[in-house]
Amino acid sequence: MYETIQSVHSILAYAALGLLVLASVNAVTGLTSKKLFTDKDLRLSLFTLIICHIQLLVGLILYFVSPLGLAQLGNMKDAAMRLTSLEHPLINIIALVLITIGWSKHKREESNNGKFKKIAVFYVLGLILILSRLPWSNWIN
């Protein structure tokens with residue numbers, strides 16, 4: 001079961017990161033070019049939000065069944081264990097909260113520029129946080 005959940009989490013990570021990069025670039029481009037916030041922009045931002053939330057749920061399940069998650073929480077002297085048991089989950093939850101805040105704030109905006117600005121700021125901040133705490137050694141090998 002652990003290996004299956006880990007595989008799903010890894011595959012979803014590529015999809016979530018790809019969509020988050022795409023939505024962030026789309027929002028920054030829309031903001032700088034002052035274009036209209038269309039249904040395409042709305043759907044891209046919403047689908048990114050949904051995939052990121054699904055990724056979080058799979059990650060939380062993995063955290064509790066993995067030997068590298070909750071079981072290693074007391075092993076903070078080992079940097080690799082600290083990354084997988086504390087830093088990665090905590091920072092990614094914070095990143096997803098920021099992404100969710102950006103989505104919620106964009107809905108209250110009236111102007112197209114304001115909508116793009118809210119998505120751009122919060123999605124980019126979330127992306128930066130996620131990229132800062134990825135277990136790169138697990139992805140590269």
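Details
- Residue within segment 100-110 that is charged (D, E, K, R), modelled with pLDDT of 95 or more and buried (at least 19 other Cβ atoms within 10 Å of the Cβ) present: no
- Pick from segment 112-130, criterion small (Gly, Ala, Ser) and farther than 11 Å from Ser45 by Cα, ranking: modelled with the highest pLDDT: Gly126
- Helices (runs of 4 or more DSSP H) enclosed by segment 1-106 - at least 3 residues per element that are touching a Phe, Trp or Tyr at 6+ places or on another chain (Cβ under 8 Å): 2-33, 39-65
- Members of segment 107-124 that are outside any helix (DSSP H, G or I) and hydroxyl-bearing (Ser, Thr, Tyr): Ser111
- Hits in segment 46-79 (condition: touching a His at 6+ places or on another chain (Cβ under 7 Å) and small (Gly, Ala, Ser)): Gly59
- Single condition Ser85 does not satisfy, out of (1) under 17 Å from Leu44 (Cβ atoms); (2) among the hydroxyl-bearing types (Ser, Thr, Tyr); (3) touching a Gly at 6+ places or on another chain (Cβ under 7 Å): (1)
The values are calculated or read from the model by the stated rules, or taken from the named source; none is laboratory data. Since the structure is predicted, the reported quantities are computational estimates derived from the model, not experimental observations. Positions of Cβ are backbone-derived with ideal geometry, glycine not excepted, and every protein chain shown enters the neighbour counts.
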